[in-house]
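Below: one structure, written as structure tokens.
Just so it is clear, none of the values below were taken in a lab; they were calculated from the coordinates. In this text the structure is predicted, and so the values were computed from the model without any measurement. Here the Cβ is made from the backbone with ideal geometry for all residues, glycine too, and neighbour counts use every protein chain on show.
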Amino acid sequence: MKKNGIELSRRTILVGAATVGVAGAGAGIGTSALFSDNEGFVGNELLAGQLDLVVDYFTDHDQGSFDAGAGQGEVNGDGEAEYTYAAEDVKPGDSGTLVFCPKLVDNDGWLWVGSDGVVDYENGRTEPEADVDPSGGGSAGDPNDGAGAGELSDVVEVDLAYCADVSIDGDAVQIGTVVREFDNPDGYSLADLAKDMESGVLLDGDGTGSTADPYPGSPDGDTQTGPCLCVEWTVPTDVGNEIQTDAVAFDFTFAAVQARHNGEPANPFVDIMVGDGFDYGTIQAAVDAASAGDVVGVADGSYSESVTVGTEGLTLTSARGAMPTIEGPGTGSSATVTVTADGVTVDGFEVTNPGGLLGVKVGDGIDDATVCNNLIRDVGPTGSLGVTGIIVGQGDHRNVSIVGNTVEDLFQDDDGSFATLNGILFDADNSSPGTITDVRVERNVLQDLESTTAPLGIVVQHDVASMDIADNVISGLTADNSLGPGSYTTFAQGLSVDSTAITGMRFVGNFVEDVVSEDGFFGEAIKLEPGAAVDGITVAGNDLLSAIGLNNANGGNPTVTAGNNYWGDAGGPLVIVNNDDDGDVPTSGAGNVDLGTVTESAVTENVDFDPSSGPTA
């Protein structure tokens, strides 16, 4: 047997190559012949098996009276066999279904699905679209044309599930069994799905567990043994003219590798792997070796290093659903992970920096950055500077997404320099704040942030052209000067806005509670600082359950509209004049109240509210 393969041979086995019994017995008197015999094993053979990936697909469009129809087919070709799905004349309220049913012939395999992302087309702008979508333009048919690309991928909502027993009935796809739904958060968009799939998703072979099992083999290309992947899409009816003439193109790619002798398969959508026994032993070495657009996968484990990602379009991701830990240096003002190039994604890591300042930093002026699905914890304390989980640096930024992260267990003490602590910070230069455009801060959890002076959940200091802060959970923010060496007046805020130019900031669907300041001002779910451009802010559909739900500059700003929020009581919030720091606050009209004695959250007089009667988020 050779080390590099199996060498077959026909070997003759000689039996009785020595005397048997009494010498010469049975051989005739006087002869010296020995018994001998030959047994031949001929026709030996090894037959290689196969792993042939076949994918059936089923599609439909539900577009009302528009006759869209349903279709089905099979992809089974060498290389990049393709299918086409095209939905035309899409309008708010339309929906559709895509089902992919993979089959592995003849053997079990690890099955991955990936995507090269989406391409949005503005296709020019109609006159109605131009009224609500001032960005954009450009020539029809150009991808990402104009100052702002089309919005369709961001508004098309998708749900995923493992399913079985799929068929076509007339103009519709029929799904016989939903095996298990994915964790489909509210508002999960086609753009989100494509971004999540850029680094490959390992599918579960039985569709029932939280961990992925190999996909079962099929005896032939017609027999389905594993689950199908169902994608249902819809355009919400509250989407308006901003999507007129827009288009979006997207793709899905399936890849299979054998499961036998392959318990830890390399991700076929990854260009470079980091970890023991892989391409590189450190993340920084792999990042430095990568080319533009590469995907760098990181195996499970702990990596003690600071990582700077300076390669355009690089995706840095965890492998096989693991969450490798990157531990920063714990000294100085550097971050554990710093992004210094456009188009970078940081996905799926536990990021720590005990005794250090920052977790993940998007550098000054960086565009198209995505920080998603990370756990940032154990950052700080530093004593004199603002500890921050995720920071977006100074200057202009476009298309930054901070989605699905958890920021927790941060701590900051204070040496007298009034150091704050931030979960997510958009850090602007006061003299030249820069503008953020098409920024999303969605589905993050910020919890257990403690400071001797001031813990803040989300802080926005840049000017804002368009920004969604949606469906986040902010809780457990505690300001308590007894935690540190000195005595300070404290404050705590779930959202802090200090932007003097805002044309489109939405704070919607968030849940904020347990924001506590022990030694001074009462905790605030939302604080709009003096001079904030409140006319450009929408506050709707949130649960604002701290002592003060919304403080609009202690009455110093123009009135802000905050409709359909829940303030902890069906009757709405308590109206106050300002957030005083002496333990009592003045109420609208006359008198003072200790906010610790009332159940509803409070708002300042310059908040126009139409309260929800119950929780909204």
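Relative contact order for the chain: 7 percent, from Cα pairs under 8 Å spaced at least 6 residues apart, divided by residue count. Taking a ≥ b ≥ c as the square roots of the eigenvalues of the Cα gyration tensor of the range 261-378, is the shape rounded (a/c under 1.5), prolate (a/b larger than b/c) or oblate? Oblate. Taking amide hydrogens as placed 1.01 Å from N in the peptide plane, the amide H of GLY117 sits under 5 Å from those of ASP251, each at least 5 positions away in sequence or on another chain. Loop-resident GluC sites (Glu not before Pro) (DSSP state other than H, G, I, E or B) in the range 503-566 with no more than 15 further Cβ atoms inside 10 Å of their Cβ: GLU518.
Ignoring aspartates and glutamates fewer than eight residues from LYS103 along the same chain, the ones with Cα atoms less than 12 angstrom from its Cα are ASP52, ASP56, GLU74, ASP220, ASP222.
Excluding the site residues themselves, the longest part of the chain lacking any trypsin sites (Lys or Arg not before Pro) in a DSSP loop with at most 14 other Cβ atoms within 10 Å is 261-617. Oblate is the label for the range 179-286. Its Cα gyration tensor axes, ordered a ≥ b ≥ c, give a/c of at least 1.5 and b/c at or above a/b. Only aspartates and glutamates eight or more places from LYS91 in sequence, or on another chain, were considered; those with a Cα closer than 12 Å are ASP62, ASP238, GLU242, ASP246. For VAL166, the residues whose amide H sits under 5 Å from its own are GLY176, ignoring neighbours fewer than 5 places away on the same chain, with H placed 1.01 Å from N.
Ordering of 420-432, 491-503, 158-170, 245-257 by packing is 491-503, 420-432, 245-257, 158-170, highest average first (other Cβ atoms within 10 Å, averaged per residue).
What shape does the range 483-573 take by its C-alpha gyration tensor, where a ≥ b ≥ c are the square roots of the eigenvalues and a/c under 1.5 counts as rounded, a/b above b/c as prolate, and the rest as oblate?
oblate
Just the number, please: percent antiparallel of the DSSP beta bridges in the chain, rounded to the nearest 5. Given both bridge residues lie in the chain, the antiparallel proportion sits at roughly 35 percent. Need the list of aspartates and glutamates near LYS195 for cross-linking: C-alpha distance under 12 angstrom, and skip anything on the same chain fewer than eight residues off. Straight-line reach from LYS195, under 12 Å: ASP116, ASP154, ASP251, ASP347, ASP368.
Placing unit charges on the Cβ atoms only, positive for Lys and Arg and negative for Asp and Glu, gives the chain a dipole magnitude near 2320 debye about its Cα centre. Between THR253 and SER613, what is the FRET efficiency for a Förster distance of 56 Å, r being their Cβ-Cβ separation, to the nearest 0.05? The formula returns an efficiency of 0.75 here.
In the set [x] 223; [y] 154; [z] 179, the label that goes with volume of the Cα convex hull per residue in Å³ computed for this structure is [x]. For the pair the range 403-466 / the range 185-211, the C-alpha centres are spaced 28 Å from each other.
Residues within the reach of a label modelled at TYR85 (point 7 angstrom out along Cα to beta-carbon, backbone nitrogen below 18 Å), restricted to the range 204-246, are 204, 227-236. Taking the charge dipole of the range 366-496 about its Cα centre, with +1 at Lys and Arg Cβ atoms and -1 at Asp and Glu Cβ atoms, the residue from ALA470, PRO433, GLY383 reaching farthest to the positive side is ALA470. A crude spin-label estimate for the pair ILE168 and ASN430, with each label 7 Å from Cα along the Cβ direction, gives 6.6 nm.
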